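Chemist: Supplied in structure tokens, the structure appears directly below.
The values are calculated or read from the model by the stated rules, or taken from the named source; none is laboratory data. This is a predicted model, so every value here is computed, not measured. Virtual Cβ from ideal backbone geometry, glycine too; neighbours counted across all protein chains shown. All accessible areas refer to the heavy atoms of the entire protein, side chains included, with ligands and DNA or RNA removed. Shrake-Rupley method; radii C 1.70, N 1.55, O 1.52, S 1.80 Å.
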Amino acid sequence: MKTKFKIDDIVIVDDRVSRSHCRTPSYIRGKVGIIERICGEFPNPEEIALCQDSPSIIPLYRCRFKQADVWENYEGSDKDTLELEIYEHWLKKI
Amino acid sequence: MSKIYKKMGPHDVGGENSIPIDLNDPEMTHWEKYANALRIVVSSKRIITLDELRYHTEKLGDAYFKIGYFERNCLSLHNICLNKGIYDQELFNVVKLKKVAEFDVPKIDLPDPKKIEHLHDGVPHSHEQSDFQEDETGEGPPDYYFDTLAIADIMIKLGLITKEDITQKIDQFDNVFPNRGKTVIAKAWSDEDFRQHLIEDAKTAISNIGIKLETFADIICMPQSPETHHIVVCTLCSCYPRTLLGMPPSWYKSRSYRSRVVHEPRKVLAEFGTIVPENREIKVHDSNADMRYLILPPRPSNTDGWDEEQLSEIVERDYLVGVRLPD
């Protein structure tokens, strides 16, 4: 599997607007985190949703974010984190 | 709270403010079980993928807010079938009318309530109030059930699915899936090697003990510890390890839980009666794509010498989602 990122790379989630179906929640776009693990390769949900024949198979990563970096005025502990799955084409290296 | 912008649609709720979580989890009705089974059968056979179903649900617009979870599923399934030419509206209407007719039992001639006299505390009494009405009207199946039955009927006749596929799926959700997670956790509490394997590669570890999960998704197991408290949510829909835990409870699918857990996990946990110490990291897992999460709770201290069967009986679903910890 060819992946653009490796574990512990610092990444930013692209802040672009998505068209149609997409699995990158809006709240995480534009936020900076690290690659927690590489989950494997999966068909691109944005293409499956539109019934495209032979959707591209793309790497999926679990990314870790500090809650304080995601939410202004986060009230919990500085240690608190949030992890979610982001497909490669939504990530950029910093 | 940060600003929320560029929402994808009514489903993209992570980070919103919302009301306290309603912890009631009513038993599913038969039509809901049927609708759920049909959706799972159709997607597991790849007749219609989960992402297509999600996309069409997200596109429902105002209807998304006006109808419930299973109604949305039903409507989006119907729209996809029309789009894909699996059937046309005319055929659907004919089949639906047939389904309605199957339920159209003759009305019983109820006596006029005003003419009935009977004894209340020994006093003759006639009913003039509306307290007979609830028996008289009864509650028929909701219209969406007929839609669901019609969709299933057409798909069965086309040979895409079978009747047995649906009944088997309902049975698995009722009797098989909810017990698997408990079995796995009880094993992890009893067998250190299995526990390690479960944390390293959950799907293989689970498969090695003879549980074959009917899911395309991968499973990640996170152990609760004195350092870290894990909690799972799906902010975009209701991703949940169904083949290990059964159907998600109502609150897991609720807008309030899905919107709030990501930005105020401690407040949400407190509503479940779970107070996490300030110095313990809370790690929220947004199950937003192809992974499903199983949280491994600590083994309760008063269980020395218990066998796996005894242990599995005290494993509760809420522990495995991370909203509660064993006492």
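Chemist: Just the residues that are more than 9 Å from chain B (Cβ to nearest Cβ) and either of a type in the set (A, V, I, L, M) or within 19 Å of B:L50 (Cβ to Cβ) (or both), please, taken from region A:20-33.
Modeler: A:V32
Chemist: Could I ask something else about it? Do any strands (runs of 3 or more DSSP E) lying entirely in chain A carry at least 2 residues that are among the aliphatic types (A, V, I, L, M), and which ones are they?
Modeler: On the way: elements: A:10-13, A:32-43, A:57-66, A:81-87, A:91-93.
Per the criteria, A:10-13, A:32-43, A:57-66, A:81-87.
Chemist: Facing chain A (nearest Cβ under 9 Å), loosely packed, with under 15 Cβ neighbours inside 10 Å and touching a Cys at 6+ places or on another chain (Cβ under 8 Å): is that true of B:K6 in this structure? Before the answer, list the steps.
Modeler: On the way: facing chain A (nearest Cβ under 9 Å): yes; loosely packed, with under 15 Cβ neighbours inside 10 Å: yes; touching a Cys at 6+ places or on another chain (Cβ under 8 Å): no.
Answer is no for this residue.
Chemist: Given the options B:K99, B:K169, B:K157, name the one that is surrounded by 10 or more Cβ atoms within 10 Å (Cβ to Cβ), in contact with a helix residue (DSSP H, G or I) (Cβ under 7 Å, 6 or more places away or on another chain) and either on the phi > 0 side of the Ramachandran plot or at pLDDT 95 or above (or both). Give the steps one after another, and end with the answer.
Modeler: Values: B:K99 fails: either on the phi > 0 side of the Ramachandran plot or at pLDDT 95 or above (or both); B:K157 fails: in contact with a helix residue (DSSP H, G or I) (Cβ under 7 Å, 6 or more places away or on another chain).
None of the others qualify; the one that does is B:K169.
Chemist: Which count do you get for residues in region B:181-210 that are farther than 15 Å from B:M222 by Cβ and buried (at least 19 other Cβ atoms within 10 Å of the Cβ)?
Modeler: At the first step, the residues of region B:181-210 found to be farther than 15 Å from B:M222 by Cβ are B:182-183, B:186-187, B:189-194, B:204, B:207-210.
Those still in the list that are buried (at least 19 other Cβ atoms within 10 Å of the Cβ) too: B:182-183, B:186-187, B:189.
Total meeting the criteria: 5.
Chemist: Residue check: is A:V17 open to solvent by 10 Å² or more (accessible area, probe 1.4 Å) and either facing another protein chain (nearest Cβ under 8 Å) or within 14 Å of A:I86 (Cα to Cα) (or both)?
Modeler: Values: open to solvent by 10 Å² or more (accessible area, probe 1.4 Å): yes; either facing another protein chain (nearest Cβ under 8 Å) or within 14 Å of A:I86 (Cα to Cα) (or both): yes.
When the stated conditions are applied, A:V17 passes them.
Chemist: Going by what's in this entry, would B:L296 be described as crowded, with 21+ Cβ neighbours inside 10 Å and in contact with a helix residue (DSSP H, G or I) (Cβ under 8 Å, 6 or more places away or on another chain)? Lay out the reasoning, then the answer.
Modeler: Numbers: crowded, with 21+ Cβ neighbours inside 10 Å: yes; in contact with a helix residue (DSSP H, G or I) (Cβ under 8 Å, 6 or more places away or on another chain): yes.
The answer is yes for B:L296.
Chemist: Check region B:69-91 and report whether any residue there is surrounded by fewer than 11 Cβ atoms within 10 Å (Cβ to Cβ) and at pLDDT below 95.
Modeler: Among the residues of region B:69-91, not one is surrounded by fewer than 11 Cβ atoms within 10 Å (Cβ to Cβ) and at pLDDT below 95, which makes the answer no.
Chemist: Let me ask something additional. Assuming A:K4 fulfils every condition listed in (1) in contact with a strand residue (DSSP E or B) (Cβ under 7 Å, 6 or more places away or on another chain); (2) more than 9 Å from chain B (Cβ to nearest Cβ); (3) modelled with pLDDT of 95 or more apart from one, which condition is it?
Modeler: If we test A:K4 against (1) in contact with a strand residue (DSSP E or B) (Cβ under 7 Å, 6 or more places away or on another chain); (2) more than 9 Å from chain B (Cβ to nearest Cβ); (3) modelled with pLDDT of 95 or more, just (1) comes out false.
Chemist: Counting just the residues of region A:48-75 that are charged (D, E, K, R), closer than 30 Å to B:V268 by Cα and open to solvent by 30 Å² or more (accessible area, probe 1.4 Å), which one comes out nearest to the other protein chains (Cβ to nearest Cβ)?
Modeler: Let us first name the residues in region A:48-75 that are charged (D, E, K, R), namely A:53, A:62, A:64, A:66, A:69, A:72, A:75.
Pick out the ones that are also closer than 30 Å to B:V268 by Cα and you get A:62, A:64, A:66, A:69, A:72, A:75.
When the remaining residues are screened for being open to solvent by 30 Å² or more (accessible area, probe 1.4 Å), the result is A:64, A:66, A:69, A:72, A:75.
Working: A:R64: 8, A:K66: 10, A:D69: 10, A:E72: 5, A:E75: 7 Å.
Filtering region A:48-75 for residues that are charged (D, E, K, R), closer than 30 Å to B:V268 by Cα and open to solvent by 30 Å² or more (accessible area, probe 1.4 Å), the one nearest to the other protein chains (Cβ to nearest Cβ) comes out as A:E72.
Chemist: Oh, and also: Can you go through B:I282, B:I231 and tell me which one is open to solvent by less than 10 Å² (accessible area, probe 1.4 Å), without any contact (Cβ under 8 Å) to a residue 60 or more places away in the chain and within 12 Å of chain A (Cβ to nearest Cβ)?
Modeler: Working: B:I231 fails: without any contact (Cβ under 8 Å) to a residue 60 or more places away in the chain.
Checking each option against the conditions leaves just B:I282.
Chemist: If you don't mind, there's one more thing I want to ask. Can you go through B:T215, B:T183 and tell me which one is among the hydroxyl-bearing types (S, T, Y), modelled with pLDDT of 95 or more and more than 21 Å from B:V284 (Cβ to Cβ)? Before the answer, list the steps.
Modeler: Numbers: B:T215 fails: modelled with pLDDT of 95 or more.
That would be B:T183, the only listed residue that is among the hydroxyl-bearing types (S, T, Y), modelled with pLDDT of 95 or more and more than 21 Å from B:V284 (Cβ to Cβ).
Chemist: If you don't mind, there's one more thing I want to ask. Report, by residue number, each residue of region B:253-271 that is in contact with a helix residue (DSSP H, G or I) (Cβ under 7 Å, 6 or more places away or on another chain) and away from chain A (no Cβ under 14 Å).
Modeler: B:K253, B:Y257
Chemist: For the list (1) out of contact with any strand residue (DSSP E or B) (no Cβ under 8 Å at 6 or more places or on another chain); (2) under 26 Å from A:I86 (Cα atoms); (3) open to solvent by 50 Å² or more (accessible area, probe 1.4 Å); (4) among the acidic types (D, E), I need the number of the one condition that B:E264 fails.
Modeler: (3)
Chemist: Then there is this: Quick one: is B:R54 surrounded by 15 or more Cβ atoms within 10 Å (Cβ to Cβ), basic (K, R) and within 12 Å of chain A (Cβ to nearest Cβ)? Even if it seems obvious, please write down each step before you answer.
Modeler: Details: surrounded by 15 or more Cβ atoms within 10 Å (Cβ to Cβ): yes; basic (K, R): yes; within 12 Å of chain A (Cβ to nearest Cβ): yes.
Yes; evaluated as a whole, the condition is true for this residue.
Okay, residues lined up against (1) under 20 Å from B:S259 (Cα atoms); (2) in contact (Cβ under 8 Å) with a residue 60 or more places away in the chain:
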| residue | (1), (2) |
| --- | --- |
| A:P25 | yes, no |
| A:I28 | yes, no |
| A:V32 | no, yes |
| A:E46 | no, no |
| A:D53 | no, no |
| A:S56 | no, no |
| A:Y61 | no, no |
| A:Q67 | yes, no |
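Chemist: On to the next question. Looking only at residues in region B:22-42 that are open to solvent by 10 Å² or more (accessible area, probe 1.4 Å) and farther than 19 Å from B:I67 by Cα, which one is farthest from the other protein chains (Cβ to nearest Cβ)?
Modeler: Looking at residues that are open to solvent by 10 Å² or more (accessible area, probe 1.4 Å) and farther than 19 Å from B:I67 by Cα, I get B:L23.
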